[in-house]
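Q: Pasting a structure below so you can have a look.
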Amino acid sequence: MKITDVKDIGLEIKKRRKALGYTQADISDYTGLSISFIADVEHGKATVEFGKVLKLVNILGLDCLLQVRGE
């Protein structure tokens, strides 16, 4: 999926978490990230820390790929 804003990445993280059958509390326990942080990410809050978002992406088995447009 092409990610164009923080809401897109939040939606994908939420979809993956649910597909794996995890609650926000499960992910919080495993990663040490707060439930409120995970909720903020999933709701597309623009002020979250990107490093923590990447940790969440990685834990959920997703890849973040950057590529030049048109390639």
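Q: Note down all Cβ pairs under 8 Å where the first residue falls in region 41-53 and is at pLDDT below 85, the second is acidic (D, E), and they're at least six residues apart or on different chains.
A: Here the result reads T47/D40; V48/D40, each pair linking region 41-53 to a residue that is acidic (D, E).
Q: Taking region 27-40 on its own, how many of its residues are open to solvent by less than 50 Å² (accessible area, probe 1.4 Å) and assigned to a loop (DSSP other than H, G, I, E, B)?
A: 1
Q: Moving on to the next point. Could you please give the count of residues in region 54-71 that are modelled with pLDDT of 90 or more and either more than 19 Å from Y22 (Cβ to Cβ) or of a type in the set (F, W, Y) (or both)?
A: 0
Q: While we're looking at this one, here's another question. Can you name the residue in region 9-21 that is on the phi < 0 side of the Ramachandran plot and free of Cβ contacts under 8 Å to residues at least 12 places away in the same chain and is also surrounded by the most Cβ atoms within 10 Å (Cβ to Cβ) among such residues?
A: The residue in question is K15.
Q: Can you tell me which residue is least open to solvent (accessible area, probe 1.4 Å) among those in region 41-71 that are more than 10 Å from the chain's Cα centre (by Cα), within 16 Å of D8 (Cβ to Cβ) and among the charged types (D, E, K, R)?
A: Ranking the candidates gives K45 first.
Q: Residues in region 58-70: is at least one of a type in the set (K, R) and within 20 Å of K2 (Cβ to Cβ)?
A: Yes: one or more hits.
The values are calculated or read from the model by the stated rules, or taken from the named source; none is laboratory data. Note that the coordinates shown come from a computational prediction; the quantities given were computed from them, not determined experimentally. Every residue, glycine as well, gets a Cβ built from its backbone with ideal geometry; the counts of neighbours run over all protein chains shown. To get the accessible areas, we keep the full protein, side chains included, count just its heavy atoms, and leave off ligands, DNA and RNA. Shrake-Rupley method; radii C 1.70, N 1.55, O 1.52, S 1.80 Å.
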